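Here's the structure we're looking at; comments come further down.
Coordinate-derived values only; no laboratory data. Keep in mind the model is a prediction, meaning the values are calculated, not measured. Cβ placement follows ideal geometry from the backbone for every residue including glycine, while neighbour counts extend to all protein chains displayed.
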Amino acid sequence: MQKNTVSIDTSVSPAKIEYSAVFNVAVPFIDRHLDEGRKDKVIIRTTGGEEVTFGELAERVNQSGNVLIKLGLHSGDRLLMMVKDSPEFFYLFWGAIKAGIVPVPLNTLLRAKDYAFMIEDSGAAAVIYSPEFQGEVEPALEQLTTKPEIVLLTEGESGCFLEKMNSADSNLEAAPASATDDCFWLYSSGTTGRPKGAVHSHRDMIFTSQHYGNDTLGVRENDLCFSAAKLFFAYGLGNGMTFPLWAGASCVLFPARPTPETTFEVIERFKPTLYFGVPTLYAAQLQALESAESESSTPDFSSLRMSVSAGEALPADIFRRWKEQSGTVILDGIGSTEALHIFISNRADDIKAGSSGRMVPGYAAKIVDEQGNEVSKGEEGRLLIQGDSSCKYYWNNPEKTAATIVDGWLNTGDTYHQDEEGYYVYGGRSDDMMKVGGIWCSPFEIEAKLVEHPKVLEAAVVGREDDSGLIKPEAHVVLKAAADATDETSVELLQHCKKGLAPYKYPRWFQFPAELPKTATGKIQRFKLRSK
Ligand code: 3UK
C-alpha cells in the first residue's frame with residue numbers, strides 16, 4: 001500500500017505542510033482519528049438528538065463511498081448535493097472524496113432554474129438531495145433534456161441513499177490522488193448572475209483548517225463548533241465540518257433556518273465554545289436581546305470562548321453591542337469561495353473593530369491600482385491574495401478564470417486599504433455585487449425578475465444600508481404608467497420577487513423614478529443610485 005500522509009511542522013510560522021506524492025485528503029480528515037485514539041469520541045451532534053463518533057463516521061464514509069461506486073460513479077464524476085446540515089452531508093462529501101468522486105455541495109436556498117443551470121454546467125453524473133428540497137430539485141430535473149444518470153433522495157423512501165448505505169461494505173481503500181488534484185467544487189455567484197464552479201484541490205481544506213482553524217482561531221480537541229452559516233457555504237463548510245474534524249473537536253449541526261430564537265436555543269442546549277455567524281444574523285440577535293423584557297431572558301452565553309463573523313463587513317457597532325450582551329468578542333475575517341475560507345482576520349489577541357484584521361499566516365496580499373501597481377499604505381485599491389487554498393480554476397469558464405487568477409494571484413474583487421497600524425479595511429465591492437445576509441446577491445438577477453412584471457418598464461437594483469448598517473437590495477423601478485407609483489404596486493412587486501427568487505433576494509425598498517441614470521452607451525449607472 002502506498003503511504004498517504006501529511007506532515008505539519010508547527011515550529012515555524014506559518015506552519016510548514018508537506019504531502020506524500022500519493023495523497024487523498026479523506027485519510028487525514030477521517031481515518032487519522034482512529035489511529036489517534038478518537039474512535040469513541042463524538043464528532044457530530046445534531047439538534048435532532050443524533051450523535052456520531054469518529055469511529056462511526058469513518059465506517060459510514062466508507063459505506064457511502066462504496067454505494068457511490070456501486071451506483072456506477074467513476075473517478076472525477078461530479079456528485080451534486082442539495083443536502084441539509086446533517087450527518088449524511090459528511091457521509092456523502094467524504095465518501096465521494098475517498099472514492100475519487102468530486103462532491104459539489106449546492107446552496108439549498110436556490111430555485112429550480114438555478115439548479116437546472118448547475119446540473120447542466122457541471123455535467124453532473126449524480127444528484128442527491130434531502131427531501132426538504134424536493135420542491136425545487138425535481139422541477140429542475142424536469143427542465144433538463146439530458147438528466148444525470150443517478151438521482152436519489154438521501155432519506156425518506158425505499159431505495160434512498162441512507163438505506164443503500166446500511167447494506168454496503170464498511171471498508172474502502174482511498175482512491176489514489178495527489179495534493180493538487182481536483183477534489184471538490186463550490187459554486188460562486190458571478191456579476192451576471194451566472195454561477196461559476198470553483199474547483200478546489202485535496203490540499204485546500206488542510207491549508208484553511210491548519211492556518212485559520214488551528215492557528216488563528218485555536219480550534220482544539222475540547223472545542224464544540226456551532227456554525228449558523230450552513231455547510232454548503234464555504235464559510236460553514238470550514239466552521240461546521242473541516243475545522244472540528246481537523247482538530248479532533250466536535251460540531252453541532254442544526255438543519256433549519258437560523259433565527260435569533262433558534263440559534264440561542266442551540267447555544268443554551270449544546271454549550272458550544274465557538275459560534276460562527278454573519279453580520280445580518282448578529283444584528284437580528286442583538287435586536288432580540290436588546291428588546292428582551294428582563295435580563296433573566298438573556299440566554300446563557302458562558303460556554304462561548306469566541307464568536308466569529310464573515311460574509312460581509314461587520315460594523316464596529318455590532319462588535320461593541322455583542323460584546324456587551326454576550327461577553328464575547330466577534331472576530332471578523334474576510335474569506336471567499338475561491339480562497340475557500342478566511343485569509344485576513346482579527347485574532348483574539350489582536351482586534352480592531354471595524355477592520356478585517358491582518359493576514360492569516362500562510363497567505364499573502366497586495367493592494368493594487370488599475371494598472372496593477374501596488375498602492376502606498378493608506379491608499380485604496382483592489383485586493384489580490386495568494387495562498388495554497390485558492391481554487392485552481394472555474395469549471396468550463398476560461399475567461400473568468402483568466403480574469404480572476406492572474407500570475408498566481410487571486411483577484412478578490414474587493415476594494416481595501418491598510419490603515420496606519422497595518423489593519424486591512426474593507427472599502428466595498430469593485431463591481432456591483434451585493435452581500436445580503438452574507439450571501440451573494442446579483443442586482444442583474446433581481447432586475448431581470450422585476451422587468452418580468454407587466455407594470456415595469458425597467459429596473460435597477462443597488463445595495464442600501466439598513467438601520468444596522470447592513471446592505472440590502474433597493475429597487476429603482478421605472479413604471480410603464482406613472483399613475484401606478486403606489487404602495488399597492490410596491491406590494492405587488494414584492495410578492496412577484498418573493499415568488500421567483502431565493503428568499504434573501506427580494507428588494508427591501510422600492511423607488512419609482514421617472515427614468516434611470518445611464519451612460520451614453522445606455523449602461524445603467526448604479527453608482528448614482530446608491531445612497532450617499
Ligand atoms: C465579501 C467580506 C467584508 C467580500 C466566505 C468566509 O463570504 C464568503 O465567500 P463568498 O464567495 O464571498 C466573498 C466576498 O464576500 N466578504 C466576505 N467576508 C467579508 N467583506 N468583510 C468581510 N469579513 O466581498 C468577498 O470577496 O460568498 C467568507 C469564509 C469563506 C467564504 N467563502
* What distance in nm separates the simple spin-label points at ASP369 and ASP431, each placed 7 Å from Cα in the Cβ direction? -> 2.4
* Check the straight Cα-Cα distances from LYS271 and name the lysines below 23 Å, setting aside those fewer than 8 residues away within the same chain. => LYS39, LYS41, LYS84, LYS230, LYS323
* Gained length - LYS113 relative to ASP300, 0.36 nm times residue gap less alpha-carbon distance -> 63.1 nm
* **Projected label distance in nm at LYS392 and GLU421, using a 7 Å step from Cα toward the beta-carbon** => 4.1
* Name all residues of region 443-459 having a backbone nitrogen under 18 Å from the label point set 7 Å from the Cα of GLN525 along its Cα→Cβ direction, giving them as ranges. => 459
* Using a cut-off of under 13 Å, list every residue of region 210-253 whose amide N is near the label point 7 Å from the Cα of SER13 along the Cα-to-beta-carbon line. => 215-218
* To do: Determine the gain in length on full extension of the stretch GLN134-GLU399; use 0.36 nm per residue of separation and subtract their C-alpha separation, reporting nm with one decimal.
  => 92.0 nm
* To do: Would you please give the FRET efficiency between LYS41 and LYS70, computed as 1/(1 + (r/R0)^6) with r the Cβ-Cβ distance and R0 = 22 Å, to the nearest 0.05?
  => 0.15
* What list of ³J(HN,Hα) values in whole Hz, one per residue of region 428-439 in order, does the Karplus curve 6.51 cos²θ - 1.76 cosθ + 1.60 (θ = phi - 60°) give from phi, with Gly and Pro shown as x? -> x, 7, 7, 10, 9, 5, 10, 9, 10, x, x, 10
* Asked: Between region 383-426 and region 11-83, what's the alpha-carbon centroid distance in Å?
  -> 29
* Count the net charge of all other residues whose Cβ sits under 15 Å from the Cβ of PRO507, scoring Lys and Arg as +1 and Asp and Glu as -1. => 0
* Structure fact -> From the Cα centre of region 120-150 to that of region 194-268, the distance in Å is 26
* **Of the GluC sites (Glu not before Pro) in region 247-332, those whose Cβ has at most 16 other Cβ within 10 Å and which sit in DSSP loop** => GLU293
* Structure fact -> Note on region 452-530: C-alpha Rg/Rh, Kirkwood Rh, two decimals, gives 0.96
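Take SER86, SER302, SER209 and order them by how many other Cβ atoms sit within 10 Å, fewest up front.
SER302, SER86, SER209
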* Asked: In percent, how large is the relative contact order of the chain, given Cα pairs closer than 8 Å and 6 or more residues apart?
  -> 11
* To do: Give, to the nearest whole percent, the P(r) tail of region 17-202 beyond 25 angstrom, counting all Cα pairs.
  => 34
* **Full-extension gain in nm, ALA316 to SER291, via 0.36 nm per residue minus C-alpha separation** => 7.0 nm
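What is region 182-319 by shape, rounded, prolate or oblate, if you read a ≥ b ≥ c off the alpha carbon gyration tensor as root eigenvalues and call it rounded for a/c under 1.5, prolate for a/b larger than b/c, and oblate otherwise?
Oblate.
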* Relative compactness, region 381-445, computed as alpha-carbon Rg over 2.2 N^0.38 Å -> 1.26
* Asked: So in region 224-429, what percent of DSSP beta bridges are antiparallel if you round to the nearest 5?
  -> 65
* Taking the convex hull of the Cα atoms, report for region 224-429 its projected area averaged over all directions, in nm². => 12.5
* If you line up the long axis of helix 134-143 against the longest principal axis of the chain, both from Cα atoms, how many degrees apart are they, to the nearest 10? -> 80
* So what are the three principal axis dimensions of region 1-53 from its Cα atoms, in whole Å, longest to shortest? -> 40, 32, 18
* Structure fact -> Within region 150-308, the percent of DSSP beta bridges that are antiparallel, given to the nearest 5, stands at 40
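Rounded to the nearest 5, what is the percent of antiparallel bridges among the DSSP beta bridges in the chain?
Of those bridges, close to 65 percent are antiparallel.
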* Sorted from largest down, what three extents in whole angstroms do the Cα atoms of the chain have along their principal axes? -> 73, 57, 56
